[in-house]
Amino acid sequence: MTRGDGLVTLADGSGGKATRRLVEGLFVKELSNPLLDELGDAAVADGLAFTTDSFVVKPLFFPGGDIGELAVNGTVNDLAVAGAEPLWLSAGFVIEEGFPLDDLRRIARSMSRAALAAGVSVVAGDTKVVERGSADGLFVTTAGVGRMRATFGRPQAGDRILLSGTIGDHGFAVLVARGDLKLESTLESDTAPLNGLTASLAELGPQVRWMRDPTRGGLATALNELAGSTGLAVRLEEESIPVRAEVAGAAEILGIDPLYVANEGKLVAVVAAEAADDALRRLGGDAAIVGELADDPPGLVVLETILGGSRIVDMLVGDPLPRIC
C-alpha cells in the first residue's frame, strides 16, 4: 500500500478502490490467514459462517430505519449472502457522554424488533462510554454467526445476474435526512433482512453461483469484485436495472451514479441461465434480470446504456456519500 501523506481519508471507508487498497495493503498484509484472505462477506469454516460489522450512520434516525435496525439487518445479510442461516449476533455500543437515554432505548427496541423479524437473537454485547465530542452520539459494532446451508456453483459465462429490487434507496434516504439534499421526498431506506430470500434461492443448489448485498460502493463495486475474482466479464443492461424516479432525480442533481450508492436490503445474485426464471420468481417484487456473465472483456464490468452505447463501470473512487451505514 502506498499513500503519499500516510493518513486515512474518508474515501478509505467508501467500500470502493480506496477501501480495497487499505484492507489488502494493510490489514490483510498484517493479519493474513486462509479465511481472512478470501475477503468474503463472512468467513466460512466447519459448517459455520462468521462476520463482523460496524455502523456509524449519520443521522442515527432516518426515514425507514435507524442505526439499530441497520446493524441487525446488515449483519444478518452478510451471513445470508454467504449461504448461511443466521443464528446469533453480538452488539457493542460506543456511547458518547450526554447521549439521551430515550434515544438509546429506542435504538435497542428497534434492534429487538429487527432481530425478531430476521429470526435471530442478540446473545452477547458490550458498552463503552466516551467523553463528549468523541463518538458523534453512538457507534455500533456487531458480529454474527450462522449455519451454512448453501453450496454455490462456479460462476461461468452465460450465467444471469439478478437484482432483488431498486437500487440507491438507502443512500439517498440518508442524504435527505441529513439535510444535504434539499428535496421534498418520501424516499425511505430499504433496510431489511435478506435471509428469507437467500434461503429460497439456496433451494436451487449449485445453480446459484454467487450472492452479495451491495452496500457501501453499491452494485457497481460488488460486481467489480465478482469480475475481478472470476476473471469473467459482467455485462449489464442499463434499462433493466430498477431505479426509483426519486433516486434517479436526486442522482442527476448531485451527479452521482446510483450504481455506486449503498443499499441495505437488496440482493444481487448470479444463477445458471436455466434457473434464472425460477430464481426471479423466488425473489418477487421489483426483482429483475439485469445482465449476464461473459468471457470478454475479462475482469471488467460493462454497462450497455439506454442510448445504445456501452461504458466500463469501474470500482468506486472517492466517497460521494460518507457515513451512510
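Just a few scattered comments:
- Extension gain for the segment Ser121 to Gln156, taken as residue separation times 0.36 nm less the Cα-Cα distance, is 8.9 nm to one decimal.
- Residue order for Val301, Val130 - accessible surface, 1.4 angstrom probe, largest first: Val130, Val301
- Per residue value of the accessible surface for segment 210-256 (all protein chains in place, 1.4 Å probe), Å²: 40
- Here the accessible area is traced with a 1.4 Å probe on the protein chains. For the chain, carbon and sulfur cover 52 percent of it.
- Each Lys and Arg Cβ is given +1 and each Asp and Glu Cβ -1; about its Cα centre, segment 74-224 then shows a dipole of about 460 debye.
- DSSP-assigned coil residues among trypsin sites (Lys or Arg not before Pro) in segment 103-206, each with at most 13 further Cβ atoms within 10 Å: Arg132, Lys182
- Principal axis dimensions, segment 1-152 - Cα atoms, whole angstrom, descending: 45, 43, 27
- Cα lying deepest toward the dipole's positive end in segment 143-203, options Gln156, Ser200, Leu175, charges on Cβ: Gln156
- Of all the options Lys29, Lys58, Lys17, the one that moves most in a Gaussian network model of the chain with Cα springs shorter than 10 angstrom is Lys29.
- Under the combined filter of DSSP loop state and at most 12 neighbouring Cβ atoms within 10 Å, segment 106-199 retains these GluC sites (Glu not before Pro): Glu131, Glu184.
- Taking every Cα-Cα distance in segment 63-152 and sorting them into 5 Å bins from zero, the calculated P(r) comes out as 3, 14, 23, 22, 16, 10, 6, 3, 1, 0 percent.
- Reduced Cα scattering model of segment 209-283, Debye log10 I(q)/I(0), q = 0.11, 0.12, 0.18 Å⁻¹: -0.32, -0.38, -0.83
- In nm, spacing of pseudo-spin labels at Glu239 and Asp37 (7 Å Cα→C-beta vector): 4.6
- Added length on full extension, which subtracts the Cα-Cα distance from 0.36 nm per residue, Thr305 to Glu30: 94.9 nm
- Scaled against 2.2 N^0.38 Å for its residue count N, the alpha carbon radius of gyration of the chain is 0.97.
- Summing Cβ point charges (Lys, Arg +1; Asp, Glu -1) relative to the Cα centre of segment 1-157 gives a dipole of roughly 320 debye.
- The orientation-averaged shadow of the Cα convex hull for segment 3-93, equal to a quarter of the hull surface, comes to 7.6 nm².
- Approximate shape of segment 156-231 as ellipsoid semi-axes (Cα gyration tensor, √5λ), whole Å, largest first: 30, 16, 9
- Across segment 117-208, the volume of the C-alpha convex hull divided among the residues equals 192 Å³ per residue.
- What you get for the chain, charging only the Cβ of Lys and Arg (+1) and of Asp and Glu (-1), is a dipole of about 460 debye around the Cα centre.
The values are calculated or read from the model by the stated rules, or taken from the named source; none is laboratory data. Being a predicted model, the structure only gives us computed values, none of them experimental. All Cβ positions, glycine included, derive from the backbone under ideal geometry; neighbour counts span all protein chains shown. These accessible areas exclude ligands, DNA and RNA; they are computed on the full protein's heavy atoms, side chains included. Shrake-Rupley method; radii C 1.70, N 1.55, O 1.52, S 1.80 Å.
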